[in-house]
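I have placed the structure first, in the form of structure tokens, so that the comments after it can refer back to it.
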Amino acid sequence: MTIRGLPAVILLSLFAQGCTHLKHSEKSELSWEARRAQLARIDRFTLQARVSSGGLFGIKGNLHWRQAPGGFDMRVAGPFGVGAATISGRGREIEIKTAKRSFVTTDPEGDLKERLGWTVPLTHLRYWVLGQPAPGTPAEFELDAAGRIVSIEQDGWTLEFSEYHPGSPGLPRKFEVANTELRLKIVVDSWSDLPALK
């Protein structure tokens, strides 16, 4: 059934994504719906990536991220382990450890900003890294012809996806996350420990 030429399933997805605005053809919409259903089933993964940023809070290092249904563990370290930091989350509590400090918070973005002078969108990043908007807040995104997201604007952050790994579901390989204060470039070298997807 269609409403004004738009499949009803697409309209339902708009509301499911928090009144997300779509900018693409009907073919890419249908490809996205199939892809979104696959991504929704990914409740665990492990990735190895390289992370860099410029500007005032310049960083460069390696990222190891293990996501599980009950929580996550992330480790970021520069060359030879210099400047290592770990971030672990269980439920609403997130623990952040560096060589100089350690604290537990339920507001990681706010506490990072207050204590370290910069922040990253930890609550959204778990979804963004898979190439999808985070649930719960409005987002605007664009798709390519294959139904993969090429850009997201959400909660003051802009993401640009420039490359995906081959295969199905074809998770992101290169993307940038930016706001007015910070720009992160992430290159995911490998994905593993993914659930079986049909």
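The values are calculated or read from the model by the stated rules, or taken from the named source; none is laboratory data. What you see is a predicted model; the values in this text were computed from it and never measured. All Cβ positions, glycine included, derive from the backbone under ideal geometry; neighbour counts span all protein chains shown. The protein model used for the area step is the full one, side chains on, heavy atoms only, and it has no ligands, DNA or RNA in it. Shrake-Rupley method; radii C 1.70, N 1.55, O 1.52, S 1.80 Å.
A simple spin-label model places the labels of Ala37 and Thr86 4.0 nm from each other, with each point 7 Å out along Cα-to-Cβ. Extending 7 Å from Cα along the Cβ direction at Ala146 and again at Glu181 yields two label points whose distance is 3.6 nm.
The figure for His165 is an accessible area of roughly 40 square angstrom, using a 1.4 Å probe on the protein chains alone.
I want the local charge near Arg36. Using Cβ-Cβ distances under 13 Å, sum +1 for each Lys or Arg and -1 for each Asp or Glu among the other residues.
Residues close to Arg36 contribute a combined charge of +1.
Rg and Dmax, both from the Cα atoms of region 57-198 and both in Å, are 15.4, 47.
Compute the length gained on full extension between Glu109 and His64: take 0.36 nm times their separation in residues and subtract their Cα-Cα distance, giving the result in nm to one decimal. Can you show the working numbers first?
Numbers: separation 45, 0.36 × 45 = 16.20 nm, distance 1.97 nm.
This chain segment gains 14.2 nm when fully extended.
The candidates Lys60, Lys113, arranged from most to least accessible area with a 1.4 Å probe in the full protein assembly, appear as Lys60, Lys113.
The simple spin-label model puts a point 7 Å past each Cα toward its Cβ; for Asp189 and Arg50 those points are separated by 0.8 nm. Think of each Lys and Arg Cβ as +1 and each Asp and Glu Cβ as -1; about the Cα centre, that makes the dipole of region 104-190 roughly 280 debye.
Just the projected area, averaged over all directions, of the convex hull on the alpha carbon atoms of region 76-151: how many nm²? Each step should come with its number before you reach the end.
Details: hull surface 27.8 nm².
Averaged projected hull area, Cα only: 6.9 nm².
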